[in-house]
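Shown next, in structure tokens, is the structure this report addresses.
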Amino acid sequence: MDNMIDLRNFEALNNHLCDVNGVEYCAKDYFENYENGMKRQIKKKLFPDNYKYPTGVQLELTYKCNHRCIHCYNQSGGAHEEKELNIEQWKAIAERLGELGIFQCVISGGEPTLLGDDLIEIMEILHKHDVKFIFITNGLLLNEELIKKLSKFKYTWFQVSIDGSRPELHNYVRGIECWGQAINAANLVKRAGLPLVISHAIVSKNYEYLEEMIDLSYLLGAKRIVTGPFTYTGRALINGEKLELSKEQKIKAYELIAKKAEEYKGQMQVVASAEEPLGLRIKATEVNGVMLIRPNGDVKIDCIAPFKIGNVLEEDIYSIWDNIGRNVWRHPKVVEYVNSIKSSEDLRTMESRVNLDEDVLLERV
């Protein structure tokens, strides 16, 4: 644990956070309870103080995307100067990760289904090593044939992004007319017996329809909907004025999420996405087990931190993990960054804005 992290001096608006026992806390009390619990587990040797090997990884398999989301956290689908890893390189990475014994892999992009059968080959390598998946898709290319191929794998959850309960809302956020395909994709996932999760970003355009969106997720058979205000990263930094919610709107959204969570208790989980000041502090105080690999091979520490720790084309994945990855959240530059994020709005004004400016390369200290 690193006591350099500022545990109290930050703003969080969600005062309806629940622990594993269902006890509700305001954000700051929740964090203090979480951090103290983690310390106790490590002290009792119930939890390691670091991982020799990574336990999970997120693979952003491509920059390409068939949507143009107004809030996209990594600006997928736009023009990218960096060359992407080819399929053989991704397959070699998958094999290496399997050898290292990861438990879980997040498959994302861009839009991963654009890889076609190459995607299945990558996943089969990880599946051979008994890896479970979290799959993130916009659903545009999902059909019976592809779902059948994907159904052979084990999933923690299978996420379809739906950013509006009505076509005009979803299509506005997603940049193309695609609401019907997203609904169809959710139905295909559910009928295939896969654990359907709906992701929904709240922006000014769809704010008034949040309750309707939660109800729609239940009708679609989702096991969970994860929702919350959009994050100031990537394209949202460019389009912020079109998306912005007031502080009062954010608080009301969190109150509604808590209300609907109680309403659907035992039927569907209604979960608020973590506010960035809280989420970053949790990651900075827990034991790190994960990393993210971008389409160009860069290894990052997280989706909402502007740091990279190496590139898989230049260094073995385990070497990157062993040299810096396992303790990267204790790095002085990371601690400084986390402490500087005192509200979600601060992501807009940082010197290195996430997925808009160049990432900072961290070196071992």
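The values are calculated or read from the model by the stated rules, or taken from the named source; none is laboratory data. No experiment lies behind these values; they were computed from the predicted model shown. All Cβ positions, even for glycine, are placed from backbone atoms using ideal geometry, and neighbour counts span all protein chains on display.
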Report whether or not Val287 is more than 30 Å from Glu212 (Cβ to Cβ) and either crowded, with 19+ Cβ neighbours inside 10 Å or not polar (S, T, N, Q) (or both).
yes
Quick one: would you say Ile162 is within 21 Å of Ile147 (Cβ to Cβ), surrounded by 19 or more Cβ atoms within 10 Å (Cβ to Cβ), within 18 Å of the chain's Cα centre (by Cα) and in contact (Cβ under 8 Å) with a residue 40 or more places away in the chain?
yes
Any residue at all in the stretch 181-193 that's crowded, with 18+ Cβ neighbours inside 10 Å, within 30 Å of Glu345 (Cβ to Cβ) and modelled with pLDDT of 95 or more?
yes
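Assess whether Leu142 counts as being surrounded by 23 or more Cβ atoms within 10 Å (Cβ to Cβ), within 22 Å of the chain's Cα centre (by Cα) and modelled with pLDDT of 95 or more.
Numbers: surrounded by 23 or more Cβ atoms within 10 Å (Cβ to Cβ): yes; within 22 Å of the chain's Cα centre (by Cα): yes; modelled with pLDDT of 95 or more: yes.
Yes: the conditions hold for Leu142.
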Looking at Ser246, Ser217 in this structure, which one is of a type in the set (S, T, N, Q), crowded, with 20+ Cβ neighbours inside 10 Å and out of contact with any Gly (no Cβ under 6 Å at 6 or more places or on another chain)?
Ser217
Got at least one residue in the stretch 297-311 being charged (D, E, K, R) and more than 16 Å from the chain's Cα centre (by Cα)?
yes
I'd like to know if the stretch 337-357 contains one or more residues that are in contact with a strand residue (DSSP E or B) (Cβ under 6 Å, 6 or more places away or on another chain), surrounded by 15 or more Cβ atoms within 10 Å (Cβ to Cβ) and not hydroxyl-bearing (Ser, Thr, Tyr).
no
So which residues in the stretch 177-220 are of a type in the set (A, V, I, L, M) and in contact with a His (Cβ under 6 Å, 6 or more places away or on another chain)?
Ala201, Met213
Identify, by number, the condition in (1) at pLDDT 95 or above; (2) closer than 24 Å to Val57 by Cβ that Lys247 doesn't meet.
(2)
Among (1) in contact with a Ser or Thr (Cβ under 7 Å, 6 or more places away or on another chain); (2) at pLDDT 95 or above; (3) closer than 19 Å to Ser343 by Cβ - the single one Glu275 does not satisfy
(2)
Conditions first: (1) surrounded by fewer than 18 Cβ atoms within 10 Å (Cβ to Cβ); (2) modelled with pLDDT of 95 or more; (3) not small (Gly, Ala, Ser). Glu241 passes all but one, so which condition is the exception?
(2)
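Within the group Ile198, Ile251, which residue is at negative phi and under 19 Å from the mean Cα position of the chain (by Cα)? Reasoning before the result, please.
Working: Ile251 fails: under 19 Å from the mean Cα position of the chain (by Cα).
When all the criteria are applied, what remains is Ile198.
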Could you identify the single residue in Ile70, Ile87 that is at pLDDT 95 or above, over 26 Å from Ile341 (Cβ atoms), surrounded by 15 or more Cβ atoms within 10 Å (Cβ to Cβ) and of a type in the set (A, V, I, L, M)?
Ile87
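Could you check the stretch 177-186 and list, in sequence order, the residues that are free of Cβ contacts under 8 Å to residues at least 24 places away in the same chain and either hydrophobic (A, V, I, L, M, F, W, C) or outside any helix (DSSP H, G or I) (or both)? Full working, then the answer.
Our first condition is that a residue be free of Cβ contacts under 8 Å to residues at least 24 places away in the same chain; within the stretch 177-186, this holds for 177, 179-180.
Correct list: Glu177, Trp179.
If I ask for residues that are surrounded by fewer than 20 Cβ atoms within 10 Å (Cβ to Cβ) and either over 16 Å from the mean Cα position of the chain (by Cα) or modelled with pLDDT under 95 (or both), which ones from the stretch 221-236 would you list?
Step one: of the stretch 221-236, the residues surrounded by fewer than 20 Cβ atoms within 10 Å (Cβ to Cβ) are 221, 223-224.
Across the stretch 221-236, the qualifying residues are Gly221, Lys223.
Quick one: in the stretch 23-82, of everything that is among the polar types (S, T, N, Q) and outside any loop (DSSP other than H, G, I, E, B), which residue is nearest to Leu115 (Cα to Cα)? Walk me through it before giving the result.
Keep residues of the stretch 23-82 that are among the polar types (S, T, N, Q), which gives 33, 36, 41, 50, 55, 58, 62, 66, 74-76.
If we keep only those that are outside any loop (DSSP other than H, G, I, E, B) as well, we get 33, 36, 41, 58.
Numbers: Asn33: 43, Asn36: 43, Gln41: 42, Gln58: 16 Å.
Per the stated criteria, the residue is Gln58.
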Please list, ordered by first then second residue, the pairs with beta carbon atoms under 9 Å, 6 or more apart or interchain, first in the stretch 258-279 and within 16 Å of Leu13 (Cβ to Cβ), second polar (S, T, N, Q) and in a helix (DSSP H, G or I).
Glu275/Ser344; Glu276/Ser344; Pro277/Ser344
Identify, by number, the condition in (1) among the charged types (D, E, K, R); (2) closer than 25 Å to Tyr25 by Cβ; (3) in a loop (DSSP other than H, G, I, E, B) that Glu351 doesn't meet.
(2)
Find all pairs meeting these conditions: Cβ atoms under 8 angstrom apart; at least six residues apart or on different chains; first residue within the stretch 38-55 and under 16 Å from Arg326 (Cβ atoms); second residue of a type in the set (Gly, Ala, Ser).
Tyr51/Gly289; Tyr53/Gly101; Pro54/Gly289; Pro54/Gly325; Thr55/Gly289
